[in-house]
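Only the coordinates and a few stated rules stand behind these numbers; no lab work does. Computed from a predicted structure; not experimentally measured. Please note: Cβ atoms are built from the backbone with ideal geometry, for glycine as well, and neighbour counts cover all protein chains shown.
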């Protein structure tokens, strides 16, 4: 973990109310793993007092990229930061994703939950160039769909779900996931004299980030389909280092801190 003043290199609006920030943070960039986050001091004044956590979106050489949505006072202030200033950041923090099997993975993003999954896809592609990656991106409407082209440029299969049907599948992204899984593991005959074999399309793992109802449903799907799933929880955090116990969640092993033991957990361990 490092605490440093990082120079703001870029801070642009990539979609209505969504911003991409690039910070020069070599030590954090070298150490960060997919699913981890940084805590940024948004203001040196008393309000907002606490740092704000942001997933590591991408690592570009020695630079750190953050994707965020301006939804409150802190993120609104962040969107107004001028290039060239220094922001005090702490990271990388938390436990990230583990690549269980590189052969075939499904990534499921809900809204701004897409932020840590691009970093995961990039690292999977770097470590396992032949891996198959399918990304399902869900949002309320097409204006909230983020990073689709970036995933396509990585060679990922991209599917979109919007609640209003303005782009791709009409419905929740979890419904799109169930639809895909229902057709992706049908048995097929190899020959007349041999038994049916399972189709190779069954994913080895699911990785997801998004709102809690989405993650709860993915935990059910994971259990029913017997596919391991890792989920990144979105919780309000205070210290970000596990000292205040302000972000605990109930698990089958007792209460765990999202900022310390998480934010990534095995889906089956969380008690929703």
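Computed from label points 7 Å out along Cα-Cβ, the spacing between residue 76 and residue 1 is 3.1 nm.
Rounded to the nearest 10 degrees, the angle from helix 212-225 to the longest Cα principal axis of the chain is 30 degrees.
Between 0 and 90 degrees, the angle of helix 173-184 with respect to the longest Cα principal axis of the chain falls at about 30 degrees. Peptides 243-256, 84-97, ordered by how many other C-beta atoms sit within 10 Å of their residues on average, highest first, read 84-97, 243-256. Straightening the chain between residue 220 and residue 163 buys 18.5 nm, computed as 0.36 nm per residue apart minus the Cα-Cα spacing. Taking 0.36 nm per residue of separation and subtracting the Cα-Cα distance, full extension of the segment from residue 245 to residue 143 would add 33.1 nm. Volume per residue for the stretch 64-153 equals 139 cubic angstrom (convex hull of Cα atoms). Taking the centroid of alpha carbons for each part, the stretch 86-138 and the stretch 207-228 are 16 Å apart. Relative contact order, whole percent, for the chain stands at 17, derived from Cα pairs under 8 Å and 6 or more residues apart. Report the paramagnetic label zone for residue 83: residues of the stretch 1-28 whose backbone N is under 18 Å from a point 7 Å from Cα along the Cα-to-Cβ axis. Inside the label zone: 6-15, 19-25. Helical content alone sets the calculated 222 nm signal of the chain at -6000 deg cm²/dmol, taking -39,500 (n - 2.57) per DSSP H segment of four or more residues and averaging over every residue.
Note on the stretch 2-93: Rg/Rh from C-alpha atoms, Kirkwood Rh, equals 0.92.
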